[in-house]
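Working notes for the structure below.
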């Protein structure tokens, strides 16, 4: 391109100098501004038309709203309420029939007077008439007093009140609670001496440093014999030795209930304690 035409030439002409300008890229770039303006114009027109349509539709709807609204006044019919008739009060219950009057004969204290001075109405009634007639202060006619009395209510004992039967105690049963519990002969001091002589601390318990209290439950019969020995609590390593000690303890002093020796349960604790070297 000549130097004097460069200043007035378009940038596209300079870029596509010596190239095929009929190629699509040149035409696209050449007409870019024109196409851009056309697109903006069309877009603006569509927006204006939409806005105008929106304004017009609002205006028309407001015109429709301005139409006069007809309100009809509806008159509700008055409903006549039926007057409630007051019901008459129920008649009073009939009075119970009066009990029949019992025939009575007037009886006055006897006075010693002459026969001619006795008035007819003051004469005492005959004994035969008093058999079925009540004695009162006035003479009264009525039904004969037959002396009927309602029979008493019979109970299972036919009217005989029996004293409560005394429940006999079963002295052969095994008591769980007694007045005086069974114990080792000689008391707690003798029991402690027996343990010190008989009790052997299990070696496994010593090696594992197991100690504690084992509670043994057993039965002491009327003669003091021991049976049904079992450990109910305590370390497992110590239970067998505690059971052995009770079984070897011999006869015990039986429990006492109401002055009698009875068969009873006994719970005896045995304490296992390791002595620590000081």
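The values are calculated or read from the model by the stated rules, or taken from the named source; none is laboratory data. These numbers come from a predicted model, not from an experiment. Positions of Cβ are backbone-derived with ideal geometry, glycine not excepted, and every protein chain shown enters the neighbour counts.
So here's what we get for this one:
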{"item": "Residue within the range 50-65 that is exposed (fewer than 10 other Cβ atoms within 10 Å of the Cβ) and at pLDDT below 60 present", "result": "yes"}
{"item": "Search result, residues across the range 204-224 that are surrounded by 14 or more Cβ atoms within 10 Å (Cβ to Cβ) and within 19 Å of residue 182 (Cα to Cα)", "result": "214, 215, 216, 217, 218, 219, 220, 221, 222, 224"}
{"item": "Flag if residue 259 is out of contact with any strand residue (DSSP E or B) (no Cβ under 6 Å at 6 or more places or on another chain) and under 13 Å from residue 184 (Cβ atoms)", "result": "no"}
{"item": "Residue count for the range 181-203, restricted to those that are surrounded by 15 or more Cβ atoms within 10 Å (Cβ to Cβ) and within 11 Å of residue 252 (Cα to Cα)", "result": "5"}
